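Note sheet for the following structure.
The values are calculated or read from the model by the stated rules, or taken from the named source; none is laboratory data. Model, not experiment: these values are computed from the prediction. With ideal geometry, Cβ positions are generated from the backbone for all residues, glycine too; neighbour counts draw on all protein chains shown. Surface accessibility is based on the protein's heavy atoms, side chains included, excluding ligands, DNA and RNA. Shrake-Rupley method; radii C 1.70, N 1.55, O 1.52, S 1.80 Å.
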Amino acid sequence: MKGHAIYLGSSRGRAVAVLVSNGILEDVLVDADAPRPGAIYRAKASRPMKGQGGMFFDTPDGSAFLRGAKGYAPGDMALVQVAGYAEPGKAIPITDRILCKSRYAIATAGAPGINVSRSIRDEEMRASLRDLASLQQDRLAGHGLIVRSAARETPSEDVANDVTRVIDILGLVLGDQGTGVEKLLEGPEIADLAWQEWPQVTPVESDVDSWLREALRARAKLACGGTLYVEPTHACVTVDVNTGPDSSPAAGLKTNIVAAKDLPRHLRLRGLGGQIVVDFAPMPKKHRPSVEQTLRKAFRSDGIETTLLGWTNMGHFELTRKRARPPLQEIFS
């Protein structure tokens, strides 16, 4: 199977979307019970958490937490947006930087200017897309717009329609005149999210259970013949790398390089974040910089905020990762 494919289906009553590239499972999106990221509330500030530098807000879906909140006092009303999935028993993570995202554009509240994705390098194409977006400059009313990389080589009419739509949505949210706590915009459903996140091809309806089973397995094969075990625990996520049948002197380094390149994909598939500890295959300490450089490059292009912390005295590698997805194991346990 060559090229990209997006399959939409359901499992145990939940909507599911999977992205497959050249026969390899690249990503999984599953509808969860928690409020969807992207939902926008008119929320009420309740109490500050000075030790954590944040503020709790009341929303229709329960308590939410805004990290780094400034200028808010209890009782203040504010527009906030769900920034990720809440851990069980914890407040919904929110941001007061409102973004309305679609397939080809992102409208940015309070951040004026029209920008084109840096991944579009052709100057003529960049200028054309900027000119197209600038036709909506007056309707932005002091807000901003980002033309996404998916607009590359897309018919201008499609991009223009998408830009109009996303500005309309932003206008409706910001123009709300209500006073109480209320949900103003639902987060995108899985089918819509698939269009936004994976604009390569058009999604098609299909059975997704076999792909889900693959994503839920702890053991994964590496292209070099080694294996990777990804297992979430209550405290952290543990990753174990094994060389498999290769017993050559360089087996450890070769397997660890392959595992480092593939690790973001395996964490993304399983919806895993938080504290992560990687037990790489045995190798000389002099090879650690090569593995760490590979990790940094792999996570840089992953899209989910990840911080690499470094090596421990036991030879493990530690990192922390934003909980941007609901863990598949918890959803289908």
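Here is how the numbers come out for the structure above:
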quantity: Formal net charge of residues neighbouring Ile331 (Cβ-Cβ distance under 12 Å; K, R +1; D, E -1); calculated: +1
quantity: Percent antiparallel among DSSP beta bridges (both partners in region 194-296, rounded to 5); calculated: 70 percent
quantity: Kirkwood Rh and Cα Rg combined as Rg over Rh, evaluated for the chain; calculated: 0.99
quantity: Inter-site label distance for Ser301 and Glu189 at 7 Å from Cα along Cβ, in nm; calculated: 3.4 nm
quantity: Kyte-Doolittle mean at least -1.0 and Cα axial length at least 24 Å: DSSP H helices in the chain; calculated: 156-174, 251-270
quantity: Those lysines that a straight Cα-Cα span of less than 16 Å connects to Lys285, excepting residues fewer than 8 apart in one chain; calculated: Lys254
quantity: Label-point separation in nm, Thr164 to Arg217, each point 7 Å along Cα→Cβ; calculated: 4.8 nm
quantity: ³J(HN,Hα) computed for each position of region 111-116 - Karplus, 6.51 cos²θ - 1.76 cosθ + 1.60, integer Hz, glycine/proline x; calculated: 10, x, x, 10, 10, 10
quantity: Computed helical MRE - 222 nm, the chain, DSSP H runs ≥ 4 contributing -39500 (n - 2.57), nearest 500; calculated: -8000 deg cm²/dmol
quantity: Other-chain or far-sequence residues with amide H under 5 Å of Glu26's (modelled H); calculated: Leu19, Val20, Ser21
quantity: For region 98-245, accessible area per residue (1.4 Å probe, heavy atoms of protein chains only), Å²; calculated: 56 Å²
quantity: Fluctuation leader among Ala235, Ala215, Ala151 - the chain, Gaussian network, Cα springs under 10 angstrom; calculated: Ala235
quantity: Net charge contributed by nearby residues that have their C-beta within less than 13 Å of Leu66 (K/R +1, D/E -1); calculated: +2
quantity: Cβ-Cβ FRET estimate between Arg67 and Ser46, R0 fixed at 22 Å, reported to 0.05; calculated: 0.90
quantity: For region 132-289, size of Cβ-based charge dipole, Lys and Arg +1, Asp and Glu -1, in debye; calculated: 1220 debye
quantity: Entries in Lys44/Lys90; Lys101/Lys297; Lys2/Lys297; Lys297/Lys322; Lys286/Lys322 that, when Cα-Cα distance is taken, lie over 21 Å; calculated: Lys101/Lys297; Lys2/Lys297; Lys286/Lys322
